[in-house]
1. For the Cα atoms of the chain, what angle does the longest principal axis make with the long axis of helix 132-141, in degrees from 0 to 90, nearest 10?
2. How many angstrom lie between the C-alpha centres of the stretch 30-51 and the stretch 121-139?
3. When N is the residue count of the stretch 118-201, what does its C-alpha Rg come to as a fraction of 2.2 N^0.38 Å?
4. What's the angle, to the nearest 10 degrees (0 to 90), between helix 109-125's Cα axis and the longest principal axis of the chain?
5. In the Gaussian network model of the chain, springs joining C-alpha atoms below 10 Å, which of Gly129, Gly42, Gly187 carries the largest mean-square fluctuation?
6. Do you know the relative contact order of the chain, to the nearest whole percent, from alpha carbon pairs under 8 angstrom that are 6+ apart?
7. For the chain, report the accessible area per residue in Å² (1.4 Å probe, heavy atoms, rounded to an integer).
8. Using r as the Cβ-Cβ distance of Arg134 and Ala28, and R0 as 41 Å, what FRET efficiency do you calculate, to the nearest 0.05?
Amino acid sequence: MTAVLLPRKIAQGVADGTVTVAFRRWAAPRVLEGSEFHTVAGMVRISSITTVDPDGITEDDARRAGAVSVAEALATLRGSPGQPVFRIGLEWVGEDPRIALSSDADLSADTVSEIAQQLERLDARSSHGPWTRRILQLVADNPGRRAPDLAESLGRETQPFKRDVRKLKNLGLTHSLDVGYRISPRGAAFLAATKRTAGGA
């Protein structure tokens, strides 16, 4: 569920309990009550979703959404003024499990094989051919380099490239930085293990 994209400050507010709602203007709901999604501050759950009259949003509502005023909260709404406004309840679930996964660099032979199979499945479903090992190595070799620059080096568009890197992140193999990416300990261990295997060591 990526329809409720939360800026870092708001996500951290959900984690510390100071932010409990978000307001979005959509033609139809884009999230389901009870669903969970990743943020920079961990996992967040949609605890409720209801339609509201934007004229009825109070100063307290605005503060609970991380805004300093009703005017600021309303200014964040996008979409057509004729579309309904949704009040989305937010609650912090816990740390992103991908963080613990990405930190695990003690990979058994079976784990290395499992990761390799996951990458092969991603490659097999790709419309532009095998890409996983190439992008993983590219990220390892270029920590902090801008995504558009990395994409251009492969002759690819930025947004599809970023989606592919996100798939590697979901496997615990990369980390997102404020600018660019870096290889995770798990990703580095996988690359090292597969290089040893390829070299016969």
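The values are calculated or read from the model by the stated rules, or taken from the named source; none is laboratory data. This structure is a prediction, so every number in the text was calculated from the model and none was measured. Using ideal geometry, Cβ is built from the backbone for each residue, glycine included, and neighbour counts are taken over all protein chains shown. Calculation scope for accessible area: heavy atoms of the full protein, side chains included, ligands and nucleic acids excluded. Shrake-Rupley method; radii C 1.70, N 1.55, O 1.52, S 1.80 Å.
1. 90 degrees
2. Value for the Cα centre distance between the two parts: 30 Å.
3. Numbers: Rg = 12.5 Å, N = 84, 2.2 N^0.38 = 11.8 Å.
That works out to 1.05 for the stretch 118-201.
4. Computed tilt is about 70 degrees.
5. Gly129
6. The normalised contact order for the chain reaches 20 percent.
7. Working: 11060 Å² over 201 residues.
Value for the chain: 55 Å² per residue.
8. 0.60
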